[in-house]
Amino acid sequence: MKKNLLEKLNGKRNKLVAIALLTAALAVTGCSAEDVSNILNQTVTEQSDTSAVEGNGSSENAEAAVSGDNSSESAQSGSDSSESYMANGSTTASSSSLIDTSNLFSDRDLEQEADLTDAEYITLTSGEDVTISSEGVYVISGEVTGTSIIVDADSAKVQLVLDGVTITNTTAPAIYVKAADKVFVTTTDSTNTLKVTGTFTADGTTNTDAVIYSKDDLVFNGVGTLNIESTANGISGKDDVKVTGGTYNITADEDGIEANDSLSINDGSFNITAGKDALHSENSDDLTVGYVYINGGDYTLKATDDGIQATTVLMINDGNINVNAAEALEGTYIQINGGTIDIYATDDGINASNKSTAYDVVIEINGGDISIEMASGDTDALDANGSLIINGGNIDITAQFAFDYDTTAELNGGTITVNGEEVTEITESMPMGGGRGGMGGFGGQAPNGEMPSGEAPSGNFPSGEAPNGEMPSGGFQGGQAPSGEMPSGEAPSGNRQGGFQKGQKQNGNTSASSSNASAQ
């Protein structure tokens, strides 16, 4: 109480001093009494505003005052990651600074069983399309060929409850949403199979190139299984696509699931084999959208191109994710907050590239258990065409080149193991590496795989000189000495294993690394 009293007295004293000074200024400058009054009022108001924001000095309270209560976000999204370390590594913000998950899934989205009180029941007939033009719940069954379920219901909400449906078409989608506010595709405790076996035929100017094709929002939920086979895309949504439950087995010659504005998954089981990307979100007309958000679920993804690709943000909060692809995870800003992720990739394991100018190019890992195994060759486990920031998590890398980044790298927490040994710093490939654009060098290893201890193949190089004299401009090209002869003990230039990478060792020898700054 004494402290509060002193603070009040000090506050009054400061005000009196301010009044005295302003009064003196009034006398010198000739300002009016009204001017002084306005200045005093502004000063008091600014102090009051500052107190309101600062509160008790807690930055958390200040953030809450700005962002509002985010308790609903935690309840719906299931995320326990409340901070996002942005590209400069020093600014923290709510995860909504990347994706606002506070109202991402509605209560109806999260319901896994439909309310069938007023449902209409439809039994399909081969060769006859079914058109739904009004809001409601429709329970559908039947095994047919040459039949499409068409939703053309303006701004209505329509729920399609698949209860043992099998549709095999040649050229048209099994489900085609022409117009609606939102369409729910809900599976009962049943197995449902949708196939398109031939070449898709366009609907006027609309290229309906998916087994389930929608021009508006799609939500998938339920307790059953949906099998999809396609000669193009499995599921294609030209707005937002959300999944909150159900089992999905998809085989597609192109993308497994694609969305224009966003692909958001809260739960579900996914087994996808894709000729292009397994999960894909991109809007070529608006590069500020096209994000992928994963908050749970089980995934087995096999893709010729990308396992998961986002134009803007790829955020993973939870889930069991197994990816086998050329590039496993790709986006502009990739944020991993949790989950178990197992990757095998033949190009890049996790790649942040400049697909959108709306976000910084960043790989940010705050948590999770991540295992990355890379194929041999010019491949990178973590490839950021911008910044690489690791704040937490357990990362186990098996690769020739573990890290590639263009701007900055930070290791603020977590555990990283590279080829069986823990590393304590993130190091970029040396410029003398044998990768693309490198300067040649000795290829990292002698023919027997052992690195000569501190010596060049024929002995120590004099400072600034090659074995036979002065170093020609540009250094050794292709691993040759200035005379064109291969130094004794040098591996042939075609067998270079790359250059040196600081901070990493493999089997007791300095492992090779390469810089790959190009966007993938």
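Is one or more of the residues making up the stretch 220-228 without any contact (Cβ under 8 Å) to a residue 40 or more places away in the chain and open to solvent by less than 30 Å² (accessible area, probe 1.4 Å)? Taking every residue of the stretch 220-228 in turn, at least one turns out to be without any contact (Cβ under 8 Å) to a residue 40 or more places away in the chain and open to solvent by less than 30 Å² (accessible area, probe 1.4 Å). The criterion of being within 32 Å of the chain's Cα centre (by Cα) and modelled with pLDDT of 95 or more holds for THR187.
Regarding the stretch 346-361, can at least one residue be identified that is more than 13 Å from the chain's Cα centre (by Cα), open to solvent by 20 Å² or more (accessible area, probe 1.4 Å) and modelled with pLDDT of 95 or more?
Among the residues of the stretch 346-361, at least one is more than 13 Å from the chain's Cα centre (by Cα), open to solvent by 20 Å² or more (accessible area, probe 1.4 Å) and modelled with pLDDT of 95 or more, which makes the answer yes.
Within the stretch 245-263, how many residues turn out to be charged (D, E, K, R) and in contact (Cβ under 8 Å) with a residue 60 or more places away in the chain?
Number of matching residues: 0.
Report yes if LYS242 is charged (D, E, K, R), under 25 Å from ALA156 (Cβ atoms), touching a residue at least 60 places away in the same chain (Cβ under 8 Å) and in contact with a strand residue (DSSP E or B) (Cβ under 8 Å, 6 or more places away or on another chain), otherwise no. Taking the combined requirement at face value, the residue satisfies it. With respect to LEU263, is the statement that it is at pLDDT 95 or above, open to solvent by less than 10 Å² (accessible area, probe 1.4 Å), under 20 Å from LEU160 (Cα atoms) and of a type outside the set (Val, Ile, Thr) true? So LEU263 fits the description; yes. Restricting the stretch 406-423 to residues that are open to solvent by less than 30 Å² (accessible area, probe 1.4 Å) and under 22 Å from the mean Cα position of the chain (by Cα), the residue that is farthest from ASN394 (Cα to Cα) is GLY413.
Is it true that ASP380 is surrounded by fewer than 22 Cβ atoms within 10 Å (Cβ to Cβ) and on the phi < 0 side of the Ramachandran plot?
Working: surrounded by fewer than 22 Cβ atoms within 10 Å (Cβ to Cβ): no; on the phi < 0 side of the Ramachandran plot: yes.
Criteria not met by ASP380.
Looking at the stretch 380-402 only, could you name the residues that are at pLDDT 95 or above and not hydrophobic (A, V, I, L, M, F, W, C)? Listed by number, the residues that qualify are ASP380, ASP383, ASN385, GLY386, SER387, ASN391, GLY392, GLY393, ASN394, ASP396, THR398. Do any residues in the stretch 344-360 that are farther than 16 Å from GLY377 by Cα and assigned to a loop (DSSP other than H, G, I, E, B) have Cβ atoms under 7 Å from those of residues that are hydrophobic (A, V, I, L, M, F, W, C) and at pLDDT 95 or above, where the two are at least six apart or on different chains, and which pairs are they? Short answer, once both residue conditions are applied: SER353/VAL361; ASN354/VAL361; TYR359/VAL313.
Answer with yes or no whether GLU327 is of a type outside the set (S, T, N, Q) and open to solvent by 50 Å² or more (accessible area, probe 1.4 Å). When the stated conditions are applied, GLU327 does not pass them.
Select, from ASN317, ASN324, ASN271, ASN249, the only residue that is part of a strand (DSSP E or B), modelled with pLDDT of 95 or more and touching a helix residue (DSSP H, G or I) at 6+ places or on another chain (Cβ under 9 Å).
On the way: ASN324 fails: touching a helix residue (DSSP H, G or I) at 6+ places or on another chain (Cβ under 9 Å); ASN271 fails: touching a helix residue (DSSP H, G or I) at 6+ places or on another chain (Cβ under 9 Å); ASN249 fails: touching a helix residue (DSSP H, G or I) at 6+ places or on another chain (Cβ under 9 Å).
Only one candidate passes the filter, namely ASN317.
With respect to VAL292, is the statement that it is touching a residue at least 40 places away in the same chain (Cβ under 8 Å) and either of a type in the set (Asp, Glu) or over 18 Å from GLY386 (Cα atoms) (or both) true? Here the answer is no, as VAL292 does not meet what is asked.
Return the residue satisfying two criteria in turn: it lies in the stretch 296-314 and is outside any strand (DSSP E or B) and open to solvent by 20 Å² or more (accessible area, probe 1.4 Å), and of such residues it is nearest to ASP360 (Cα to Cα). Before you say what the answer is, go through the steps one by one.
Step one: list which residues in the stretch 296-314 are outside any strand (DSSP E or B), which gives 304-305, 311-312.
Filter once more, keeping what is open to solvent by 20 Å² or more (accessible area, probe 1.4 Å): 304-305.
Numbers: THR304: 27, ASP305: 23 Å.
Among those that are outside any strand (DSSP E or B) and open to solvent by 20 Å² or more (accessible area, probe 1.4 Å), it is ASP305.
For first residues located in the stretch 408-427 and farther than 17 Å from ASP383 by Cβ and of a type in the set (Asp, Glu), partners that are open to solvent by less than 40 Å² (accessible area, probe 1.4 Å) and part of a strand (DSSP E or B) and lie 6+ apart or on another chain with Cβ distances below 8 Å form the pairs GLU421/GLN504; GLU422/ILE416.
The values are calculated or read from the model by the stated rules, or taken from the named source; none is laboratory data. Note that the structure is predicted; figures quoted are calculated from it, not measured. Please note: Cβ atoms are built from the backbone with ideal geometry, for glycine as well, and neighbour counts cover all protein chains shown. Quick note on the areas: whole protein, heavy atoms, side chains included, nothing else; ligands and nucleic acids left out. Shrake-Rupley method; radii C 1.70, N 1.55, O 1.52, S 1.80 Å.
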